[in-house]
Amino acid sequence: MSDTQRIRVWDLPTRVFHWALVLLVVASFVSGKIGGNAMVWHGRFGLAILGLLSFRLLWGLIGSTYARFLSFLPTPNAILAYLRGQWRGLGHNPLGALSVFGLLGLLAFQVSSGLFANDDIAFRGPLYALVSSEFSERLTGWHKLSVNLLVLLVLLHLAAIGFYAHAKKENLVRPMLTGWKEVAPEDGPPATGGGPLAFIVALVFAVAAVYAGSGEWVPPPAAAPVSAPAW
């Protein structure tokens, strides 16, 4: 009899979110480095990331078992148990959870600061008009500096995946592609919850967040009064 069982761990919305976020982060990084006309696309990619993060925020509350944040909170006891080799579970392990929360938090900062940023040439974030030029400049500086931290976290994330593949002989990528994972029976049950209604609610929330971030609701600046011609 086999000592493992094949169960569903990652639901489809979580997997689509993950790979869409990978593509959009790469596209946003490249377009930001190119600058110029590519900044228009940089802003669009940023709004798309805002939608994904908003979806994931709500999906982390109402999604399926291992997509919920409560299922992988990296508590001190969980981290200590993992370091001692005593942690058992599915989904993100405690150290992986730290990486996930770090990446999501930093991306949320990147997106929110980008909404108010400018490049001193032609690009202005969609919510630029809501803040002073001085505050926009400050956010722009933080936005650029935090890219370095984001790159570092991504590299650490990739290094961890490589470590698990070579040292622990555990493929972390395949389950995020297929949703299925071979696990020991005592590791945990298959994922449940996160049905169509939860998906629709999270999707509507994401669309509303993109609309809010797009600045379409911000009234245009008032036109300067036209002075009467001097006779």
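The values are calculated or read from the model by the stated rules, or taken from the named source; none is laboratory data. Because the structure is a prediction, the values reported are computed rather than measured. Every residue, glycine as well, gets a Cβ built from its backbone with ideal geometry; the counts of neighbours run over all protein chains shown. Surface areas here come from the heavy atoms of the whole protein model, side chains and all, with no ligands, DNA or RNA. Shrake-Rupley method; radii C 1.70, N 1.55, O 1.52, S 1.80 Å.
Odds and ends about this structure:
- For the set Ile62, Ile49, the ranking by accessible area, highest first and with no ligand, DNA or RNA atoms included, is Ile62, Ile49 under a 1.4 Å probe.
- By accessible area with a 1.4 Å probe, ligands and nucleic acids excluded, highest first: order of Tyr164, Tyr211: Tyr211, Tyr164
- Ligands, DNA and RNA aside, Trp142 has an accessible area near 120 Å² when probed at 1.4 Å.
- When the trypsin sites (Lys or Arg not before Pro) in segment 114-190 are filtered for DSSP coil states and for at most 11 other beta-carbon atoms within 10 Å of their beta-carbon, the remaining sites are Lys168, Lys169.
- Phi-based couplings in Hz for segment 159-167 (Karplus 6.51, -1.76, 1.60; Gly and Pro marked x): 5, 5, 4, x, 4, 5, 5, 8, 8
- Inter-part distance, segment 88-152 to segment 28-86, computed on C-alpha centroids, equals 12 Å.
- Calculated mean residue ellipticity at 222 nm for the chain: -20000 deg cm²/dmol, from DSSP H runs with n ≥ 4 weighted as -39500 (n - 2.57), summed, divided by the residue count and rounded to 500.
- Distances between placed amide hydrogens fall under 5 Å for Trp87 paired with Tyr82, all partners being 5 or more residues away or on another chain.
- Derived scalar couplings ³J(HN,Hα) [segment 112-118; Karplus, 6.51 cos²θ - 1.76 cosθ + 1.60; whole Hz; x for Gly, Pro]: 5, 6, x, 5, 10, 7, 8
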